Amino acid sequence: MRLSQYFLPLLRENPAEAQIVSHRLMLRAGMIRQSSAGIYSWLPLGLRVLKRVEQIVREEQDRSGAQEILMPTIQPAELWRESGRYDDYGKEMLRIRDRHDREMLYGPTNEEQVTEIVRAAIQSYRDLPKNLYHIQWKFRDEVRPRFGVMRGREFLMKDAYSFDLDMAGAKHSYNKMFVAYLRTFARMGLKAIPMRAETGPIGGELSHEFIVLAETGESGVFCDKAWLARDILGQDVEYDSDLEPMYAEWTRHYAATEDVHDPAKCPVAEADLVNARGIEVGQVFNFGTKYSKPMGAVVSLADGGNVPLEMGSYGIGVSRLVGALIEANHDDNGIIWPASVAPFHVGLINIRAADAKCVAAADELYGKLRAGGVMVLYDDRDESPGAKFATMDLIGLPWQLIVGPRGVAAGTLEVKNRRTGERQDLPVEAALNRIAAP
Ligand code: ATP
Ligand code: MG
């Protein structure tokens with residue numbers, strides 16, 4: 001993409017309404033535009049990141065054996081009356097009436113909708129287990145939408161729902177999602193710590209929130225300081241094997257949100273306990289038969305009886321992750337994208353748009369990069385070198401390739417790594433190899 005043609009509405013000044021760095025940088029880098037409180041349009045640069053985040057989430061869900069579906073954003077109120085949540089949900093739910101005066105709602109989550117689908121299609125224990133997920137916009141009329149896409153009213157979520165015959169099966173499904181989440185966030189270069197979390201009014205269930213530590217996080221958290229040194233690796237996994245040992249390994253160190261943390265019962269010595277802020281990027285939840293029972297989602301057993309399905313739900317805040325990624329990856333000059341989610345892999349800068357030799361060299365390089373399948377944003381504008389460098393640093397592409405008259409004469413390029421700031425003059429082929437390295 002040529003920057004001269006790209007829709008990238010950058011802001012020079014820090015927008016006054018943005019209180020945290022990710023919101024500020026997303027607005028300044030032209031990634032999003034607010035439509036109304038907590039509701040945003042995604043502009044080309046922002047959408048590219050959102051799609052890449054979504055794709056990593058999708059690949060790891062698929063790898064774990066979950067199957068993608070797409071449920072609607074608008075749901076009928078009757079479904080929520082069946083589970084008893086229609087009245088309970090309160091003002092966060094956006095309620096709508098259609099032309100026939102039927103009560104509808106914009107889905108804040110999909111437990112009822114997916115239970116209805118499964119109850120209609122699955123009758124026998126032989127059809128289990130199943131895990132269905134979708135990546136769909138949600139609406140929650142949050143009391144205080146803030147921090148840009150981190151706490152929006154309309155936001156993109158991946159939500160998966162598992163259906164099992166018994167608790168042992170449900171725990172295996174839970175473990176699969178637990179491990180898939182470790183892999184998902186690790187692939188984005190994020191350290192998301194699984195923390196014991198509040199399970200709501202019905203006790204005895206199992207839940208973890210995956211939390212990225214950040215000063216601007218809305219959740220108070222406590223964890224063993226051993227977590228800070230731990231590398232949450234995206235190691236390969238055999239999902240059909242027993243995942244209990246892996247689950248045990250990754251819950252070995254203490255980590256809990258402040259809702260469930262009890263100082264009197266905390267197993268970690270005070271000197272080893274970290275009290276920090278964090279961003280919830282995902283949650284895994286086992287809730288047994290909470291929906292299947294009232295909604296009559298049952299399967300028949302071999303001996304003729306029938307039982308309600310054991311269920312779990314598993315959310316990831318896809319749009320929130322874009323903000324969380326920036327909170328975890330930035331400096332004073334702007335964003336620093338991890339390569340796995342970057343909107344483009346490399347920014348190509350011609351510092352002399354008026355110099356024919358430089359233009360020819362940069363154009364040739366642009367062609368080469370595109371032919372090699374490299375995602376490149378080419379700053380071909382007639383701007384000062386300083387303005388071009390500032391733009392590239394702001395939008396945070398992992399690599400910059402800088403073409404200037406001295407390099408063109410010598411047959412070299414300047415390669416800059418955005419994260420380390422390291423710069424090197426290299427011959428063209430060596431430069432291309434350098435940016436291909438992980
Ligand atoms: P929170 O405690 O932050 O309000 P939640 O626990 O109500 O979130 P879940 O129902 O667990 O949210 O939704 C799954 C994921 O969706 C969350 O882990 C979070 O990453 C994301 N999410 C929830 N609410 C929002 C929101 N208002 N804006 C953006 N993302 C959100
Ligand atoms: Mg949650």
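Only the coordinates and a few stated rules stand behind these numbers; no lab work does. These figures come from a predicted structure and were not determined experimentally. Cβ sites come from the backbone with ideal geometry, for glycine too, and all protein chains shown count toward neighbours.
FRET efficiency for the pair Ser41 and Glu215, taken as 1/(1 + (r/R0)^6) with r the Cβ-Cβ distance and R0 = 25 Å, rounds to 0.35. For the chain, a Gaussian network of Cα nodes joined below 10 Å ranks Asp159, Asp262, Asp141 by mean-square fluctuation, and the top entry is Asp262. Relative contact order for segment 76-143: 37 percent, from Cα pairs under 8 Å spaced at least 6 residues apart, divided by residue count. For segment 111-210, the square roots of the Cα gyration tensor eigenvalues, ordered a ≥ b ≥ c, give a/c of at least 1.5 with a/b greater than b/c, which places it in the prolate category. Residues with beta-carbon under 13 Å from that of Asp425, excluding Asp425: net charge, scoring Lys, Arg +1 and Asp, Glu -1? Around Asp425, the charge tally is +2.
Using a simple spin-label model with pseudo-atoms 7 Å out from Cα toward Cβ, Leu10 and Ala436 lie 3.0 nm apart. For the chain, adding -39500 (n - 2.57) for each run of n ≥ 4 DSSP H residues and dividing by the number of residues yields -9000 deg cm²/dmol at 222 nm.
Highest average first, the peptides 392-404, 109-121, 88-100 ordered by how many other beta carbon atoms sit within 10 Å of their residues are 392-404, 109-121, 88-100.
Using C-alpha pairs under 8 Å with a sequence gap of at least 6, the mean separation divided by the residue count of the chain gives a relative contact order of 16 percent. Computed from Cα atoms, the angle from the helix 44-63 axis to the main principal axis of the chain rounds to 50 degrees. If you sort the three axes of the alpha carbon gyration tensor as a ≥ b ≥ c, you get a/c of 1.5 or more for segment 381-438 and a/b no higher than b/c, which makes it oblate.
Here is the list for segment 1-85: trypsin sites (Lys or Arg not before Pro) lying in DSSP coil, each with at most 14 other C-beta atoms within 10 angstrom of its C-beta, are Arg12.
Quick check on my link table: of Lys357/Lys388; Lys138/Lys171; Lys158/Lys265; Lys91/Lys293; Lys368/Lys416; Lys225/Lys265, which ones sit more than 22 Å apart, alpha carbon to alpha carbon?
Exceeds cut-off: Lys138/Lys171; Lys158/Lys265; Lys91/Lys293.
Between 0 and 90 degrees, the angle of helix 318-328 with respect to the longest Cα principal axis of the chain falls at about 50 degrees. You can think of it this way: the chain between Gln235 and Glu249 has 3.7 nm of extra reach, that is 0.36 nm per residue less the Cα-Cα gap.
Of the trypsin sites (Lys or Arg not before Pro) found in segment 400-438, those that fall in a DSSP loop while having at most 16 other beta-carbon atoms within 10 Å are Arg419.
The packing ranking of peptides 211-217, 357-363, highest mean first, is 211-217, 357-363, where packing means the average number of other beta carbon atoms within 10 angstrom of each residue. Near the amide H of His330, within less than 5 Å, lie the amide hydrogens of Ile336, all on another chain or at least 5 residues away, with H placed in the peptide plane.
The loop-placed GluC sites (Glu not before Pro) in segment 337-433, going by DSSP, that have at most 11 neighbouring Cβ atoms within 10 Å of their Cβ come out as Glu422. For segment 296-348, relative contact order (Cα pairs under 8 Å, six or more residues apart, normalised by length) works out to 16 percent.
Using the Cβ-Cβ distance between Lys225 and Asn333 with R0 set to 30 Å, the FRET efficiency from 1/(1 + (r/R0)^6) comes to roughly 0.45.
Computed from the C-beta positions of Ala77 and Ser124, the FRET efficiency with R₀ = 30 Å rounds to 0.50. Sorting Val143, Val341 from the fewest to the most surrounding beta carbons within 10 angstrom yields Val143, Val341. To the nearest ten degrees, helix 111-121 and the longest principal axis of the Cα atoms of the chain are 70 degrees apart.
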